[in-house]
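This report refers to the structure that appears directly beneath it.
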Amino acid sequence: MQTLFETPSTYRPAAADLAAPVPPVEAVLFDFSNTIFQMIDLETWLRRIGDAAGRLALLEEDGALKEISRQLREAFQLPAVVARREGRDLSPERHRLAMGEWWRHVDFLRGVEETAYRELTAPDAWLPYSDTEPTLRALRDRGLRVGIVSDFAWDLRIHLARHGLEDLIDTCVISYEMGREKPDPHLFLKACADLGVDPRATSWSETTRSGTVAPPPAACAPTSSPPNSASGTAA
């Protein structure tokens with residue numbers, strides 16, 4: 001133990017390691033949201049809320065979905081909503097407050113924020129992309145270890161289990177469990193430690209809004225993948 005806060009995720013490559021050729025990939029780390037899973041579509045989510053809260057009739061009004069979508073987009077940019085998003089994935093409580101602050105500015109969701117949150121976090125509220133399972137199985141068949149590193153405020157394993165994919169993931173490192181958010185390298189280094197692999201032999205895949213891959217964290221290597229797709233890592 002070299003420091004008071006020495007952890008299994010601590011990674012101090014020697015000068016020789018840094019100068020050595022990059023080793024072959026032994027593991028792949030994925031982001032969760034919008035990389036291997038996505039939330040159900042907006043209309044489905046709203047209809048589930050409407051059904052649970054007795055507001056379905058409001059969704060049948062002309063232009064209702066379009067208006068709700070507009071209010072969601074505009075409210076998302078409000079200063080108070082932006083402020084609440086800071087660090088929201090560090091705990092379930094902070095995430096719930098952030099969502100509530102956003103939704104209270106939307107007529108359809110005001111007053112039923114708890115119902116909306118329940119439908120957001122339900123096991124069947126998140127779906128794998130069509131190529132997620134084939135990609136994960138291809139990686140497993142090639143003998144690669146697979147992990148998830150995600151800014152998420154609840155246990156995303158419930159969504160993996162819902163779709164029978166939990167056995168294809170070797171570790172999940174989630175922000176709310178660690179008290180850290182990306183791009184904090186401790187998250188990625190913890191995942192590498194869990195997998196028992198050198199970070200330099202670990203590929204990282206995350207789809208951004210622009211469809212590009214985020215810069216590799218720590219010593220992980222980037223892997224290109226198209227927007228909303230996991231299959232970029234299967235090759």
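Looking at region 37-49, is at least one residue more than 20 Å from Trp103 (Cβ to Cβ) and crowded, with 19+ Cβ neighbours inside 10 Å? Yes, region 37-49 has at least one match. In region 1-35, how many residues are assigned to a loop (DSSP other than H, G, I, E, B), modelled with pLDDT of 80 or more and closer than 25 Å to Ile174 by Cα? Qualifying residue count, region 1-35: 6. Residues of region 114-143 that are under 18 Å from Gly196 (Cα atoms) and surrounded by 21 or more Cβ atoms within 10 Å (Cβ to Cβ): Leu139 alone. Taken over region 155-181, the criterion of being within 13 Å of the chain's Cα centre (by Cα) and buried (at least 18 other Cβ atoms within 10 Å of the Cβ) is satisfied by Leu156, His159, Leu160, Cys172, Val173, Ile174, Ser175, Tyr176. Checking every residue in region 92-100 against the condition of being at pLDDT 95 or above and either over 25 Å from Leu46 (Cα atoms) or not in a helix (DSSP H, G or I) (or both) gives zero matches.
No other residue among Val112, Val81, Val106 is aliphatic (A, V, I, L, M) and within 21 Å of Glu181 (Cβ to Cβ) apart from Val81.
The values are calculated or read from the model by the stated rules, or taken from the named source; none is laboratory data. Given the structure is predicted, the values throughout are model-derived calculations rather than measurements. A quick note on method: Cβ atoms are made from the backbone with ideal geometry, for glycine too, and the neighbour counts reach across all protein chains shown.
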